[in-house]
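*Asks:* Okay, here's the structure, questions in a sec.
The values are calculated or read from the model by the stated rules, or taken from the named source; none is laboratory data. Here the structure is a predicted model, which means the values were calculated and not measured. Cβ sites come from the backbone with ideal geometry, for glycine too, and all protein chains shown count toward neighbours. These area figures cover heavy atoms from the full protein model, side chains too; ligands, DNA and RNA do not enter into them. Shrake-Rupley method; radii C 1.70, N 1.55, O 1.52, S 1.80 Å.
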Amino acid sequence: MEKSSKDSFGYESLNVQQTPTIFGIKRPVIDENLLLVLTSVYFIVFTNYSFFEQLFSVYPVSETSSLELFSVALVLLCATTLLLAILCWKKITKPLLIVLFFSSAMASYFMNNYHIIIDTQMIDNIFKTDTAEASDLISTNMFAYIFFLGLIPSLLILAIRIKGEPAKKYLIKRFTLISSSILISFICIISFSDFFTIFIREHKQVRLYANPGYFMVSVLNYGKQNISPNNEELTTIGNDAHISETDEGHELVILVLGETARADHFSLNGYERETNPLLSKEDVISLTQVSSCGTSTAYSVPCIFAQAAKNDFSESKASHTENALDILTHAGVKVLWLDNNSSSKGVADRVEYHNYKNPELNPVCDSECRDIGMLSHLPKFIKQNEHNDMLIVLHQMGNHGPAYYKRYPESFKYFTPECLTNELANCEQQSVINAYDNAIRYTDYFLSETIAFLKNYDTGHYEVTLIYVSDHGESLGENHLYLHGLPYALAPEAQTHVPAVIWFGKSMLHEINVEKLKQEKDMEFSHDNIFHTLLGLFEVGTDVYNPEIDLLEHFPEHEHEYALEDE
């Protein structure tokens, strides 16, 4: 009697005596290569709406040859088939396809609804997103995508049997599939060379929406960069950091690290809505032309504190290199990081850190813990370190989307009606903006309360300063884009133009050329300035400090003292 051999995923050998059934229905047998082609067709038809939407936006159907558009679809089909043919082999085919069905369903949901791109940086954001942030993204629409585009095709894959073949025949057929995919793509590109030359060179953003091809490549790149064992030791910088003995006062600096705020929605910067009613009453300086290092928290936060400028910044290198907080610690500054966001992204790994999304620590929690609660920790910390210079970093929840309506208490519902869902595309754009602007007003309140707190310490003993800067901006439906995280080269200004506000206590007026900063407030600055500004504020002498990138011009006599100390 011949025996049937099959694994738990239904891979059948050639000699099958009994025919497996499901509910009495005969399970179909299919050639593996044909399955990969059919799966590719499925992906092109059902999960690439955003790709074709982008394609038709740059090549309107009424103005473009149907053969050229068809050739793009055919090349995409061949590329997807090629990728599957390289990755799917025998027993791993079914489990890998099932993973791809669910992941492509999720990718399709986010691309279709928010027009984001699933690149390596976005993969990094996914892995660094905590449970609370992830819950803001859950919706009934998401479950519909998962059910129809993920679960149903996965059940079909489980129901079928894959035909088994001798190794030689199997390899020949796989080589034929790979070769055919390459050949057909080549013929299409050569046949419409003028079209593809422009398409490839000028419209890169369209290709980034290919599903699942581009996000599969992004996952592989992310794995190559981050999952492989890395025993690289921490690189120390600024070991020579010191504070001049002639510095008599103690610096007390609060750096508020904002979340997802865009500069053009600050009334301090000319926005027609009053989103900064409280800050406008303070003597603050709003820098109107500040650009971010990245378009996501996971990238921008480490970049803000890194010595490397934006053009030289590397996430992998930054994770193994000391940052501004470490240098300040070398110089004797006491550093505290309070976080009401997901984390410090590794920046605060070597300083005192507290998670204020925890209701046991944060005394101001309703539907979620509020940024204002972080101030409750500060009097104790300042008392314990009253004879030291101090840097306190407050990492906000700020305007974290898409559930902007959750980012402020009921009393801050100033602009109405609000979008009361995380499915932003289902709301009128104005209601999305209303909720977003209400969250900006809550940040205005938080910053004004932080200034009020610092005023209590604006004495001869302390020299107090507040710096606020957001990590990146946000798209609010312009050109149907939502959220953030687009590759920097493709990101709109809404995602890269960030607000930055500075306030000085009276004790700092003899240290900083405030009037000159006010005159320069409309100059172009960036996150690159923060590293050196922090070192300058604390009057740290070190080889890694560059006064030319420091936002603040210190009075000449102090600069002379630093130079003498360094010598």
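*Asks:* What is the number of the single condition among (1) modelled with pLDDT of 95 or more; (2) part of a helix (DSSP H, G or I); (3) under 30 Å from GLN54 (Cα atoms) that HIS472 does not meet?
*Replies:* (2)
*Asks:* State whether the residues of segment 292-301 include one that is in contact with a Leu (Cβ under 8 Å, 6 or more places away or on another chain) and among the hydrophobic types (A, V, I, L, M, F, W, C). Outline the logic, then answer.
*Replies:* Going residue by residue through segment 292-301, those that are in contact with a Leu (Cβ under 8 Å, 6 or more places away or on another chain) are 295, 301.
Filter once more, keeping what is among the hydrophobic types (A, V, I, L, M, F, W, C): 301.
Yes - at least one qualifying residue is present in segment 292-301.
*Asks:* Here are SER193, SER185, SER179: which of them is out of contact with any Ser or Thr (no Cβ under 6 Å at 6 or more places or on another chain), among the hydroxyl-bearing types (Ser, Thr, Tyr) and surrounded by 19 or more Cβ atoms within 10 Å (Cβ to Cβ)?
*Replies:* On the way: SER193 fails: surrounded by 19 or more Cβ atoms within 10 Å (Cβ to Cβ); SER179 fails: surrounded by 19 or more Cβ atoms within 10 Å (Cβ to Cβ).
Result: SER185 is the single residue among SER193, SER185, SER179 that is out of contact with any Ser or Thr (no Cβ under 6 Å at 6 or more places or on another chain), among the hydroxyl-bearing types (Ser, Thr, Tyr) and surrounded by 19 or more Cβ atoms within 10 Å (Cβ to Cβ).
*Asks:* From ILE198, ILE189, ILE182, grab the single residue that is under 27 Å from LEU97 (Cβ atoms) and not polar (S, T, N, Q). Can you show your working first?
*Replies:* Values: ILE198 fails: under 27 Å from LEU97 (Cβ atoms); ILE189 fails: under 27 Å from LEU97 (Cβ atoms).
Going through ILE198, ILE189, ILE182 in turn, just one is under 27 Å from LEU97 (Cβ atoms) and not polar (S, T, N, Q): ILE182.
*Asks:* Just checking, how many residues over segment 96-114 are farther than 14 Å from TYR214 by Cβ and open to solvent by less than 40 Å² (accessible area, probe 1.4 Å)?
*Replies:* The total comes to 8.
*Asks:* Could you check how many residues of segment 471-496 are open to solvent by less than 30 Å² (accessible area, probe 1.4 Å) and in contact with a helix residue (DSSP H, G or I) (Cβ under 7 Å, 6 or more places away or on another chain)?
*Replies:* Result for segment 471-496: 12.
*Asks:* Considering only residues that are aromatic (Phe, Trp, Tyr) and more than 9 Å from ASP471 (Cβ to Cβ), which ones fall in segment 278-303?
*Replies:* Kept after step one, since they are aromatic (Phe, Trp, Tyr), are these residues of segment 278-303: 299.
None; the set is empty.
*Asks:* Scan segment 154-163 and give yes if some residue there is of a type in the set (D, E, K, R) and either surrounded by 13 or more Cβ atoms within 10 Å (Cβ to Cβ) or over 36 Å from the mean Cα position of the chain (by Cα) (or both), otherwise no. So that I can check it myself, show each step before the final result.
*Replies:* First, the residues of segment 154-163 that are of a type in the set (D, E, K, R): 161, 163.
Narrowing the set further to residues that are either surrounded by 13 or more Cβ atoms within 10 Å (Cβ to Cβ) or over 36 Å from the mean Cα position of the chain (by Cα) (or both) leaves 161, 163.
Yes - at least one qualifying residue is present in segment 154-163.
*Asks:* Kindly indicate whether GLU352 is touching a strand residue (DSSP E or B) at 6+ places or on another chain (Cβ under 6 Å) and either acidic (Asp, Glu) or on the phi > 0 side of the Ramachandran plot (or both).
*Replies:* On the way: touching a strand residue (DSSP E or B) at 6+ places or on another chain (Cβ under 6 Å): yes; either acidic (Asp, Glu) or on the phi > 0 side of the Ramachandran plot (or both): yes.
Yes; evaluated as a whole, the condition is true for this residue.
*Asks:* Please give the number of the condition GLU251 fails out of (1) more than 24 Å from LYS128 (Cβ to Cβ); (2) of a type outside the set (A, V, I, L, M, F, W, C); (3) open to solvent by 10 Å² or more (accessible area, probe 1.4 Å).
*Replies:* Result: GLU251 passes all but (3).
*Asks:* Which residues, counting only those in segment 408-430, are under 28 Å from PRO302 (Cα atoms) and in contact with an Asp or Glu (Cβ under 8 Å, 6 or more places away or on another chain)?
*Replies:* Our first condition is that a residue be under 28 Å from PRO302 (Cα atoms); within segment 408-430, this holds for 408, 422.
Answer for segment 408-430, where residues must be under 28 Å from PRO302 (Cα atoms) and in contact with an Asp or Glu (Cβ under 8 Å, 6 or more places away or on another chain): just ASN422.
*Asks:* Need pairs with beta-carbon distance below 7 Å; first residue touching a residue at least 24 places away in the same chain (Cβ under 8 Å) and within segment 305-319, second in a loop (DSSP other than H, G, I, E, B) and of a type in the set (Val, Ile, Thr); sequence gap 6+ or separate chains.
*Replies:* PHE305/VAL347; GLN307/ILE237; GLN307/VAL544
*Asks:* Sticking with this structure for a sec: Residues in segment 331-352: is at least one within 24 Å of HIS242 (Cβ to Cβ), at pLDDT 95 or above, of a type in the set (Gly, Ala, Ser) and not in a loop (DSSP other than H, G, I, E, B)?
*Replies:* Within segment 331-352, not a single residue is within 24 Å of HIS242 (Cβ to Cβ), at pLDDT 95 or above, of a type in the set (Gly, Ala, Ser) and not in a loop (DSSP other than H, G, I, E, B).
*Asks:* Quick check: anything in segment 254-276 free of Cβ contacts under 8 Å to residues at least 40 places away in the same chain, within 19 Å of VAL464 (Cα to Cα) and open to solvent by 50 Å² or more (accessible area, probe 1.4 Å)?
*Replies:* Checked against the condition, which is being free of Cβ contacts under 8 Å to residues at least 40 places away in the same chain, within 19 Å of VAL464 (Cα to Cα) and open to solvent by 50 Å² or more (accessible area, probe 1.4 Å), segment 254-276 yields no hits at all.
*Asks:* So, in segment 340-398, of the ones that are of a type in the set (Asp, Glu) and crowded, with 23+ Cβ neighbours inside 10 Å, which residue ends up farthest from ILE254 (Cα to Cα)? Steps first, answer last, please.
*Replies:* First, pick out the residues of segment 340-398 that are of a type in the set (Asp, Glu): 349, 352, 360, 366, 368, 371, 386, 389.
From what's left, crowded, with 23+ Cβ neighbours inside 10 Å: 371, 389.
Details: ASP371: 14, ASP389: 11 Å.
Top of the filtered list is ASP371.
*Asks:* Something else now. Condition test on TYR414, is it surrounded by fewer than 22 Cβ atoms within 10 Å (Cβ to Cβ) and either modelled with pLDDT of 95 or more or in a helix (DSSP H, G or I) (or both)? Talk me through it step by step, then tell me what you get.
*Replies:* Numbers: surrounded by fewer than 22 Cβ atoms within 10 Å (Cβ to Cβ): yes; either modelled with pLDDT of 95 or more or in a helix (DSSP H, G or I) (or both): yes.
Judged against the criteria, TYR414 is a match.
*Asks:* Has segment 309-322 got any residue that is closer than 24 Å to LYS455 by Cα and out of contact with any helix residue (DSSP H, G or I) (no Cβ under 8 Å at 6 or more places or on another chain)?
*Replies:* From segment 309-322, those closer than 24 Å to LYS455 by Cα are none; that's our starting set.
Scanning segment 309-322 turns up no residue that is closer than 24 Å to LYS455 by Cα and out of contact with any helix residue (DSSP H, G or I) (no Cβ under 8 Å at 6 or more places or on another chain).
*Asks:* Conditions first: (1) in contact (Cβ under 8 Å) with a residue 24 or more places away in the chain; (2) within 30 Å of TRP503 (Cα to Cα). LEU177 passes all but one, so which condition is the exception?
*Replies:* The single condition LEU177 does not satisfy is (2).
*Asks:* For segment 356-413, name all the residues that are within 25 Å of the chain's Cα centre (by Cα) and aromatic (Phe, Trp, Tyr).
*Replies:* The answer is TYR356, TYR404, TYR405, TYR408.
Let's see how each residue does on (1) farther than 20 Å from THR39 by Cα; (2) of a type outside the set (Phe, Trp, Tyr):
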site	(1), (2)
PHE143	yes, no
PRO166	yes, yes
SER181	no, yes
MET216	no, yes
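*Asks:* Could you grab the pairs with beta carbons closer than 6 Å, sequence gap of 6+ or different chains, first residue in segment 126-141 and more than 19 Å from PRO359 (Cα to Cα), second one of a type in the set (A, V, I, L, M, F, W, C) and buried (at least 16 other Cβ atoms within 10 Å of the Cβ)?
*Replies:* LYS128/ALA298
*Asks:* Any chance segment 291-311 includes a residue that's of a type in the set (Val, Ile, Thr) and open to solvent by 70 Å² or more (accessible area, probe 1.4 Å)?
*Replies:* Looking only at segment 291-311, we keep the residues that are of a type in the set (Val, Ile, Thr), and these are 295, 297, 301, 304.
With open to solvent by 70 Å² or more (accessible area, probe 1.4 Å) added as a condition, the list becomes none.
Looking through segment 291-311, none of the residues is of a type in the set (Val, Ile, Thr) and open to solvent by 70 Å² or more (accessible area, probe 1.4 Å).
*Asks:* Can you tell me how many residues in segment 506-517 are crowded, with 20+ Cβ neighbours inside 10 Å and modelled with pLDDT of 90 or more?
*Replies:* The number of residues fulfilling the criteria is 1.
*Asks:* Is it the case that some residue within segment 525-542 is farther than 26 Å from MET397 by Cα, open to solvent by 20 Å² or more (accessible area, probe 1.4 Å) and of a type outside the set (Phe, Trp, Tyr)?
*Replies:* No.
*Asks:* Here is a further query. Only one of GLY238, GLY294 is outside any helix (DSSP H, G or I), over 30 Å from PHE415 (Cβ atoms), touching a His at 6+ places or on another chain (Cβ under 8 Å) and touching a residue at least 60 places away in the same chain (Cβ under 8 Å); which? Lay out the reasoning, then the answer.
*Replies:* Details: GLY294 fails: over 30 Å from PHE415 (Cβ atoms).
So the residue among GLY238, GLY294 that is outside any helix (DSSP H, G or I), over 30 Å from PHE415 (Cβ atoms), touching a His at 6+ places or on another chain (Cβ under 8 Å) and touching a residue at least 60 places away in the same chain (Cβ under 8 Å) is GLY238.
*Asks:* Continuing with the same structure: When you go through THR459, THR450 one by one, which is the residue that is β-branched (Val, Ile, Thr), open to solvent by 30 Å² or more (accessible area, probe 1.4 Å) and not in a strand (DSSP E or B)? Spell out the reasoning first.
*Replies:* Details: THR450 fails: open to solvent by 30 Å² or more (accessible area, probe 1.4 Å).
Going through THR459, THR450 in turn, the sole match is THR459.
*Asks:* Which of the residues spanning segment 49-66 are of a type in the set (A, V, I, L, M) and surrounded by 12 or more Cβ atoms within 10 Å (Cβ to Cβ)?
*Replies:* Just the residues of segment 49-66 that are of a type in the set (A, V, I, L, M), to begin with: 55, 58, 61.
LEU55, VAL58 - these are the residues of segment 49-66 that are of a type in the set (A, V, I, L, M) and surrounded by 12 or more Cβ atoms within 10 Å (Cβ to Cβ).
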